[in-house]
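Right, one structure below, let's go through it.
Each reported figure results from applying straightforward, stated rules to the coordinates on display, with no laboratory input. Treat the numbers as computed from the prediction; the structure is a model and nothing was measured. Note: ideal-geometry Cβ built from the backbone for every residue, glycine included; neighbour counts use all protein chains shown.
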Amino acid sequence: MTTPTAVALEDAKVAFRLGDGRVYTAVEKAHLAVAQGEFVAIVGPTGCGKSTLLNVAAGLLKPAAGTVKIFDRPLAGLNRDAGYLFQADALFPWKSALDNVAIGLEIKGAPRAEALPRALKWLTSVGLGAFANRYPHMLSGGQRKRVALAQVLIRDPKILLMDEPFGPLDAQTRQVMGNLLLDLWNADRKAVLFVTHDLEEAIALADRVVIMSAGPSSRIIGNWRVMLPRPRDIFEVRLDKEFHALHREIWSVLKDEVMKGYAQSTQAAEAV
Amino acid sequence: MSRVTLLALQVLVAVVCLALWQLLSTVPVFGKILLPPFFFSNPVDVFSQIVKWFSSGVIWKHLGITLVESLLAFVIGSAGGVLVGFWFARQPLVAAVFDPYVKMVNALPRVVLAPIFALWLGLGIWSKVALGVTLVFFIVFFNVYQGVKEVSRTVLDNGRMLGMSERQLMRHVYWPSALSWMFSSLHTSVGFAVVGAVVGEYLGSAAGLGYLIQQAEGIFDVAGVFAGMFVLSAFVILIDFGVTLVERRLLVWRPTVDGRG
């Protein structure tokens, strides 16, 4: 083995106890490995448990069965090697953009005088140098995501976990953010586990695309390597012939699962 | 509407009300005075009473005492509310055990406690402070409790993933969240601190605005009662203005409804 595995889920099963005592199995027998420096995207229909899987890798959720290994060591408690980018707004609303970024260092014990200039540097690198003193509510959704990205990256985590981070943004902002993410990632190539429901986004960003089946008890049902050359530009890569071929191939598998997931969610709604 | 017109209209309301009051209490309508001076006094008498208080300087002592009582009630009640609110929110078992008692005490009309406090603490300022504290405490307590319990799950998870310890979570997440809830109730709790002080004074004391009003009432000096009410209102408005200033300074990070942020 040349490169160590950053994140390894082995036969991971995630189950929740429902209010009425029944047990709901979200994910079954998930087998997933992210190598160091690899960008892996997980795609699946709504409610398939892809975010759940990410929370397991983060240590926010404990698997009901199976093991989670981070750099070949079993994970106990929270994953200290990982930075997590949330789908919802997770900035501290009572801190300015600058303080929100600096807190990542201050937690580790860095003095404020040292943390602030570095935070400003990070804010500048995500294009928000001029917005340091704004509070989150004064920023747009895209700007808040940039701050959140800087907040996570300033700690220099070895692994990046991203839960549909650009989901709430509009289509254009998403592409701009995707390019920003690729630029930042290119600098030091961390291991990335990126959850999304957008297949195009997944192919454009990732080295490998993993497909999950519709829930409950969803499984990983497919694994495609994306051979598109790097560095990539998200706007241009979508015009690539190879991109289209791969998209068609993966979509033929994903489509059935999306329809299944849709059918289940509507049936469940009718049953209620 | 411009600020000037608004202000003009606001002043107009006061002028019309005062003029009507003055007219109806002095000029007979169909041979009858509608507002008998014995029950309603009139604005001129009330105003001259206020001027007399301020020019002779007696009012300052009473204002000062009411202010001190209100401030003490506010500070002690808030401190207690914050501490207990935090404690209950972080220890669900404690909260569950005390829940019925908290509800019981909060349901009690606080005025009935005034005689007990007067008995325990005497007629000085502390019995009034105690009454104010029982009012302020519960407002702050419920808000802080809510604030700590309703910290956004995502923000909390984010703090954890960024590597915060329990103490750091307390300082950077729970504490600011609880404070913001407490400040959102600042106007109410400051108002109740004043209510506690004045009601306490009214029920038994030797100084303060409540005492002044009670004394005037005792000798059927209606002008004095109204004068006391007006001074009290002005006092509360001034305090409320101060609170607004403090709030604006401390809650800059919060979006405002009217888009001032």
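The Stokes-Einstein estimate for the stretch A:41-181, based on a Kirkwood radius over Cα pairs and taken at 10 °C with 1.306 mPa s viscosity, is a diffusion coefficient of 99 µm²/s. The 3J(HN,Hα) values that the Karplus relation (6.51, -1.76, 1.60; θ = phi - 60°) gives for the stretch A:253-265 are, in residue order, 7, 5, 4, 4, 5, 5, 5, 4, x, 5, 4, 5, 5 Hz. Gly and Pro appear as x. Sparse packing (at most 14 other Cβ atoms within 10 Å of the Cβ) combined with a DSSP loop state is found for the following trypsin sites (Lys or Arg not before Pro) in the stretch A:157-191: A:R189. Over every Cα atom in the stretch B:199-250, the radius of gyration and the widest Cα-Cα span, Dmax, amount to 14.0, 46 Å.
Pairs of C-alpha atoms in the stretch A:210-261 farther apart than 13 Å represent 63 percent of all such pairs. Based on every Cα atom in the stretch B:1-40, Rg and the maximum pairwise Cα distance Dmax equal 14.3, 44 Å.
Around the Cα centre of the stretch A:1-63, unit charges on the Cβ atoms of Lys, Arg, Asp and Glu (plus for the first two, minus for the last two) sum to a dipole of about 200 debye.
Counting only Cα atoms, the size of chain A along its three principal axes is 54, 48, 47 Å, in decreasing order.
The convex hull defined by the C-alpha atoms of the stretch B:1-73 has an orientation-averaged projected area of 8.4 nm². Qualifying chymotrypsin sites (Phe, Trp or Tyr not before Pro) in the stretch B:112-148, where qualification requires a DSSP coil assignment and no more than 14 other C-beta atoms within 10 Å, are lacking entirely. Each of A:M177, A:M259, B:M104 was scored by other Cβ atoms within 10 Å of its Cβ. Arranged with the fewest first, they read B:M104, A:M259, A:M177.
Within the stretch A:3-103, all pairs of alpha-carbon atoms sorted by distance into 5 Å bins from zero give the percentages 2, 11, 19, 21, 17, 13, 9, 6, 1, 0. In whole Å, what is the distance between the alpha-carbon centres of the stretch A:49-65 and the stretch A:166-204? Computed from Cα coordinates, the inter-centre distance equals 21 Å.
Taking the inverse of the mean reciprocal distance over all distinct Cα pairs, the Kirkwood hydrodynamic radius of the stretch B:166-221 comes to 13.9 Å. Legend: ranking of residues B:I65, A:I250 from fewest to most surrounding C-beta atoms inside 10 Å; resulting order A:I250, B:I65.
From helices alone, chain B scores -26000 deg cm²/dmol at 222 nm; the rule is -39500 (n - 2.57) for each run of n ≥ 4 DSSP H residues, then divide by the residue total. Using θ = phi - 60° in the Karplus curve 6.51 cos²θ - 1.76 cosθ + 1.60, the 3J(HN,Hα) couplings for the stretch B:158-164 round to 4, x, 5, 5, 6, x, 6 Hz; x is entered for Gly and Pro.
In summary, the aspartates and glutamates within cross-link reach of A:K190, defined as a Cα separation below 19 angstrom excluding same-chain residues under 8 places away, comprise A:E38, A:D72, A:D81, A:D156, A:D163, A:E164, A:E201, A:D207, A:D233. Compactness of the stretch A:184-272, taken as the C-alpha radius of gyration over 2.2 N^0.38 Å, stands at 1.27. By the Cα gyration tensor, the stretch B:145-261 has an equivalent ellipsoid whose semi-axes, rounded to whole angstrom, run 44, 16, 9 from largest to smallest. Share of pairwise Cα-Cα distances greater than 19 Å in the stretch B:27-123 is 71 percent (whole percent). Mean per-residue shielding of peptide B:122-128 is 0, counting Cβ atoms of other chains within 10 Å of each Cβ. Shown here for the stretch B:137-210: GluC sites (Glu not before Pro) in loop regions (DSSP other than H, G, I, E, B) with at most 14 other Cβ atoms within 10 Å, namely B:E150. The residues packed around A:D99, meaning those with a beta-carbon under 10 Å from its beta-carbon, carry a net charge of +1 if Lys and Arg are +1 and Asp and Glu are -1. Distances between placed amide hydrogens fall under 5 Å for A:L160 paired with A:G83, A:A191, A:V192, A:L193, all partners being 5 or more residues away or on another chain. Remark on the protein assembly as shown: hydrodynamic radius 28.2 angstrom, per the Kirkwood mean of 1/r across alpha carbon pairs.
Our helix-only sum for chain A, with -39,500 (n - 2.57) per DSSP H run of n ≥ 4 divided by its residues, gives a mean residue ellipticity at 222 nm of -12500 deg cm²/dmol. About its Cα centre, the dipole of chain B is roughly 620 debye, where the only charges are +1 on Lys and Arg Cβ and -1 on Asp and Glu Cβ.
The relative contact order of the stretch B:41-250, computed from alpha carbon pairs under 8 Å that lie at least 6 residues apart in sequence, is 30 percent.
Once C-alpha pairs closer than 8 Å and six or more residues apart are averaged by separation and normalised to the residue number of chain A, the relative contact order reads 25 percent. When +1 charges are put on Lys and Arg Cβ atoms and -1 charges on Asp and Glu Cβ atoms, the dipole computed for the protein assembly as shown relative to its Cα centre reaches about 680 debye.
Residue by residue along A:87-98, Cβ atoms of other protein chains within 10 Å of the local Cβ number 5 on average. Each residue in B:Y202, A:Y84 was given a count of other beta-carbon atoms within 10 angstrom of its own, and listing them fewest first yields B:Y202, A:Y84. Here the Karplus relation 6.51 cos²θ - 1.76 cosθ + 1.60, evaluated at θ = phi - 60°, turns the backbone of the stretch A:227-238 into coupling constants of 9, 4, x, 10, x, 9, 10, 4, 5, 7, 4, 5 Hz, with x for every Gly and Pro. Computed over the Cα atoms of the stretch B:137-201, the ratio of the radius of gyration to the Kirkwood radius (Rg/Rh) comes to 1.18.
Close amide H partners of A:S218, meaning residues 5 or more places away or on another chain with modelled amide H under 5 Å apart, are A:V27, A:E28.
Taking only the Cα atoms of the stretch B:41-250, the ratio Rg/Rh comes out at 1.09, with Rh defined as the Kirkwood radius. For the stretch A:122-265, rounded, prolate or oblate, judged on the Cα gyration tensor with a ≥ b ≥ c (square roots of eigenvalues), a/c < 1.5 rounded, else prolate if a/b > b/c? Note, shape of the stretch A:122-265 comes out prolate.
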